[in-house]
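These notes are about the structure you will find just below.
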Amino acid sequence: MSQNKGLMPFMDANRRGAKVQVEETLIHAFLRARDARAVDDPIAQDAQGEPLTYDALLQQSAILSHLLGRMAQPDEQRIGLMMPTSMPMMTSFLAVQLLGRVATMLNFTAGVAAVLGACTIAQVRTVLTSRQFIERANLGLLVETLVAADLNVHYYEDLIGKIEPQDRQAEGGSEALASVRPDDPAVVLFTSGSEGAPKGVVLSHRNILSNIAQFTEQLDIGPWDKMFACLPMYHSFGLTVGTLLPLFSGVPTFFYPSPLHYHEVPRLIRETQSTLILTTDTFLTGYARMGKPEDFASLRYIIAGAEKLKDQTRHIWEGQFGKIIFEGYGVTETAPVVSVNAPDHYALGSVGRILPGIEVALHPVEGITCGAELWVRGPNIMLGYMKADAPGVLLPPKEGWHNTGDVVSIDENGFLTIKGRIKRFAKIGGEMISLVAIEQVASKVCPGVLHAVVSVPHARRGEAIVLLTEQEDFDADALRHALREHGMTELYMPREILFVSKVPVLGSGKLDFITARARAIELLSPAEAQPPAEKQAQSA
């Protein structure tokens, strides 16, 4: 790390004397949690089956691990998993851990090229998926492409159908308990690619378990709770906090395959009497539109991350449902949580205080005065990246520091506020303009629909700001007035406002800025025919 980065000690952790030390693996943590619970207590369920106890989950995972071990080659370090959030996915993840291998989480929403690229980056040769899922999601072409690339694709249902009597006597965990260490790789996740090419992020057992310990230092979560898990497990938030934290903390979990089912999720939260849900601003908007107060009455914690929480989303949930949303912040490389608000330390508009045990360094960025670039170091920081130009090669962070690429400010009480990503600033008229700030104002001018602000090439200015919106009659004058009210100059006003039928969103709930930027360039190109459902709304 360069010398001009000033180290900012974490205030809250230092006051509390918090120090996170983890000396176990994921399987050790699972077995410890099992031993702490009553034998008959259910721990996990999905919409397709009956609740499972720890012992039943361990038995099913051990059998699957035994079957996987017969098919995967001894030298295969990483096994691909491609299923939605469900009991089969949970069982498969544990099976890979019991086998002493590394679970490689494949984002099936990213497209054929991205999935194939992820397998190449992580040198995956075996992929486990679900036949029922592939059929329902219409992903046959994806599987055909993987098979054509000489990957061995196996179906969960087929493996379960091949169970023989001797398999049921399988005892899982011996390989993992004997050979796997806390600092060994446990999982490979892939960055969302919302602003650049995805990279493989390798997290160790210690990384994940440290982050769980850090998170539960901030929020009192335990067996008295019930998690509604619908974020995808290929997303670090959904895996670490939505799946593994409850499993290792004795929290019963109901798995649901998609956060996009805005009618079903509110109803199921009510029926399962869930007290915890992890979600994003986009999904919260959908649930609020379709849900009723009684659907959310049981919720104790609504924890939002992955994208900026809009003021109107917060106001809707407080006004209509009487629920406070606890916003947090994290990145895949930190396993993922860096900070979170909590009942006893909450600051409106912030993403909470830095978790215990995380060191922070702030690096000034030329032209940006609203904050500084955030660097972090701690036990939850990834082992390193795997990239397309060096498949299978681990590239560790220098001296343990990870550059988040986010511009932040930290107040005197230790509360972190996100100002935007370095890549989400445009240089207009010599001034660094925050595209996130424009999005936030646009959402206040026209709430309830999606907006994305991007920077596109401009022949004379170098860059131009473009607003993509799902609001066909978006009021440019209202936006200009609102920007002035927020102290923003005319440079913040988008040069173009474009109506699109759907603003691109990734499977994780984040805005897809790569696709949004490409769409803006396409719509602005005079050579391109404008689709009848979309148009160039107006020039500012």
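The values are calculated or read from the model by the stated rules, or taken from the named source; none is laboratory data. Bear in mind the structure is a predicted one, so any value in this text is a computation, not a measurement. Every residue, glycine as well, gets a Cβ built from its backbone with ideal geometry; the counts of neighbours run over all protein chains shown.
Among residues of the range 56-74 being within 22 Å of THR253 (Cα to Cα) and not polar (S, T, N, Q), the one that is surrounded by the fewest Cβ atoms within 10 Å (Cβ to Cβ) is ALA56. Can you confirm whether the range 210-230 contains a residue that is among the aliphatic types (A, V, I, L, M), within 19 Å of the chain's Cα centre (by Cα) and assigned to a helix (DSSP H, G or I)? Taking every residue of the range 210-230 in turn, at least one turns out to be among the aliphatic types (A, V, I, L, M), within 19 Å of the chain's Cα centre (by Cα) and assigned to a helix (DSSP H, G or I).
Please determine whether any residue of the range 370-391 is modelled with pLDDT under 85 and either of a type in the set (Gly, Ala, Ser) or touching a Cys at 6+ places or on another chain (Cβ under 7 Å) (or both). Before the answer, list the steps.
To start, the set of residues in the range 370-391 that are modelled with pLDDT under 85 comprises 370-371.
Next, from what is left, pick out any that are either of a type in the set (Gly, Ala, Ser) or touching a Cys at 6+ places or on another chain (Cβ under 7 Å) (or both): 371.
Looking through the range 370-391, at least one residue is modelled with pLDDT under 85 and either of a type in the set (Gly, Ala, Ser) or touching a Cys at 6+ places or on another chain (Cβ under 7 Å) (or both).
The set of residues from the range 245-256 being closer than 23 Å to ARG206 by Cβ and either surrounded by fewer than 24 Cβ atoms within 10 Å (Cβ to Cβ) or modelled with pLDDT under 95 (or both) comprises PHE248, SER249, GLY250, VAL251.
Could you check, for the range 135-142, whether at least one of its residues is among the polar types (S, T, N, Q), in contact (Cβ under 8 Å) with a residue 12 or more places away in the chain and not assigned by TED's automatic domain parsing to the domain that holds ALA335? Don't jump to the end; show me each part of the working.
Our first condition is that a residue be among the polar types (S, T, N, Q); within the range 135-142, this holds for 138.
Okay, now just the ones that are also in contact (Cβ under 8 Å) with a residue 12 or more places away in the chain, so none.
Checking the range 135-142: not a single residue is among the polar types (S, T, N, Q), in contact (Cβ under 8 Å) with a residue 12 or more places away in the chain and not assigned by TED's automatic domain parsing to the domain that holds ALA335.
Looking only at the range 25-37, how many residues end up being closer than 19 Å to MET227 by Cβ and either part of a loop (DSSP other than H, G, I, E, B) or charged (D, E, K, R) (or both)?
Of the range 25-37, the ones closer than 19 Å to MET227 by Cβ are 26, 29-30, 32-34, 36-37.
Still in the running and either part of a loop (DSSP other than H, G, I, E, B) or charged (D, E, K, R) (or both): 32, 34, 37.
Number of matching residues: 3.
Anything in the range 299-329 that is aromatic (Phe, Trp, Tyr) and farther than 19 Å from HIS345 by Cα? List them, or say none. Listed by number, the residues that qualify are TRP317, PHE321.
The lone criterion from (1) modelled with pLDDT under 95; (2) buried (at least 20 other Cβ atoms within 10 Å of the Cβ); (3) within 20 Å of the chain's Cα centre (by Cα) left unmet by MET82 is number (1). Inside the range 42-55, residues that are over 15 Å from PHE228 (Cα atoms) and either in the same structural domain as PRO223 (by TED's automatic domain parsing) or surrounded by 15 or more Cβ atoms within 10 Å (Cβ to Cβ) (or both) make up a count of 3.
Conditions tested, residue by residue: (1) among the charged types (D, E, K, R); (2) within 24 Å of GLY161 (Cα to Cα).
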position: VAL22; (1), (2): no, no
position: ASP41; (1), (2): yes, no
position: ASP75; (1), (2): yes, no
position: THR126; (1), (2): no, yes
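Quick check: is even one residue across the range 425-436 modelled with pLDDT under 70 and under 23 Å from the mean Cα position of the chain (by Cα)? Within the range 425-436, one or more residues are modelled with pLDDT under 70 and under 23 Å from the mean Cα position of the chain (by Cα).
Exactly one residue out of ASP55, ASP40 is outside any helix (DSSP H, G or I) and over 23 Å from LEU203 (Cβ atoms): that is ASP40.
The set of residues in the range 379-395 being in contact with a Phe, Trp or Tyr (Cβ under 7 Å, 6 or more places away or on another chain) and touching a residue at least 60 places away in the same chain (Cβ under 8 Å) is empty. When you check THR145 against the structure, is it at pLDDT 90 or above, of a type outside the set (A, V, I, L, M) and closer than 28 Å to ARG34 by Cβ, yes or no? No; evaluated as a whole, the condition is false for this residue.
Each row is one residue, and each column tells you yes or no for (1) free of Cβ contacts under 8 Å to residues at least 12 places away in the same chain; (2) surrounded by fewer than 21 Cβ atoms within 10 Å (Cβ to Cβ); (3) within 12 Å of GLY414 (Cα to Cα); (4) aromatic (Phe, Trp, Tyr).
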residue: ALA347; (1), (2), (3), (4): no, yes, yes, no
residue: LEU355; (1), (2), (3), (4): no, no, yes, no
residue: CYS370; (1), (2), (3), (4): no, yes, no, no
residue: ARG377; (1), (2), (3), (4): no, yes, no, no
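Looking at the range 257-281, which of its residues are modelled with pLDDT under 95 and within 22 Å of ALA56 (Cα to Cα)? Result: PRO257, single match.
ALA110: over 23 Å from PRO391 (Cα atoms), surrounded by fewer than 24 Cβ atoms within 10 Å (Cβ to Cβ) and in contact (Cβ under 8 Å) with a residue 24 or more places away in the chain, yes or no? Break it down stepwise before answering.
Working: over 23 Å from PRO391 (Cα atoms): no; surrounded by fewer than 24 Cβ atoms within 10 Å (Cβ to Cβ): yes; in contact (Cβ under 8 Å) with a residue 24 or more places away in the chain: yes.
Considered against the rule, which asks whether it is over 23 Å from PRO391 (Cα atoms), surrounded by fewer than 24 Cβ atoms within 10 Å (Cβ to Cβ) and in contact (Cβ under 8 Å) with a residue 24 or more places away in the chain, ALA110 comes out as no.
Applying the criterion of being among the acidic types (Asp, Glu) and not in a loop (DSSP other than H, G, I, E, B) to the residues of the range 287-312, the residue that is surrounded by the most Cβ atoms within 10 Å (Cβ to Cβ) is ASP295. In a helix (DSSP H, G or I) and either in contact with a strand residue (DSSP E or B) (Cβ under 9 Å, 6 or more places away or on another chain) or modelled with pLDDT of 95 or more (or both), is that true of LEU284? Yes; evaluated as a whole, the condition is true for this residue.
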